[in-house]
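A short worksheet on the structure shown next.
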Amino acid sequence: MVRDETDARILRVLRGNGRISNADLAAEIGLSPSATLRRLRLLERSGVIRGYTALIDEVDGAEPLVVLTQITLDRQTEEYLNRFEAAVRRCPEVRSCYLMTGLSDYLVRIEVVDAGDYERLHKEVLSRLPGVARIQSSFAIRTVVGRGRG
């Protein structure tokens, strides 16, 4: 849990540079390195900082096709939601999944090689996820802001 403005500053700096050294982080937020490290470890243990991610460009220079998919379930019971969430976690093409308010139940960010790869995923995986009633997908043209938060 974020306790104060110092914790919030640590998080802001890490969002911009997750590989910053503890010494540089301490200088940036105005604390000693030991106090900074102590706060960082508390943020990690409490689950505020869930991990660190490397954003990697494709080796061949081709960016993956990003598909934003809205999924509506037959029912919104706890059992249906839990079954769907457990199944979607096992799909490696799913980069993030959000339980939503509004017309659809979930917004899923998917990365595939191309439209044919998405067609395969749609037929073989998405349409077979537990409780799925409707799938509506949109293909991203390009990334405008991508901070790697998930």
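The values are calculated or read from the model by the stated rules, or taken from the named source; none is laboratory data. Computed from a predicted model, the values in this text were never measured in an experiment. A quick note on method: Cβ atoms are made from the backbone with ideal geometry, for glycine too, and the neighbour counts reach across all protein chains shown. Only protein heavy atoms, including side chains, enter the accessible area calculation; ligands, DNA and RNA are left aside. Shrake-Rupley method; radii C 1.70, N 1.55, O 1.52, S 1.80 Å.
Data table
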| quantity | calculated |
| --- | --- |
| Computed Kirkwood radius, in angstrom, where 1/r is averaged over Cα pairs of the chain | 18.0 Å |
| Extension gain (nm, one decimal) between GLN76 and ARG38, 0.36 nm per residue minus Cα-Cα | 9.5 nm |
| Unit charges on C-beta of K, R, D, E only; dipole of the chain, Debye | 540 debye |
| Theoretical FRET efficiency, 1/(1+(r/R0)^6), r = Cβ-Cβ of ASP24 and VAL48, R0 22 Å, to 0.05 | 0.60 |
| Label-point gap, in nm, between ARG120 and TYR98 - each point 7 angstrom along Cα→Cβ | 2.9 nm |
| Whole-angstrom gap from region 99-149 to region 3-24, using each part's C-alpha centre | 32 Å |
| Heavy-atom accessible area order for ILE10, ILE141, largest first, 1.4 Å probe | ILE141, ILE10 |
| Helix-only [θ]222 nm of the chain, DSSP H runs n ≥ 4, -39500 (n - 2.57) each, per residue, nearest 500 | -11000 deg cm²/dmol |
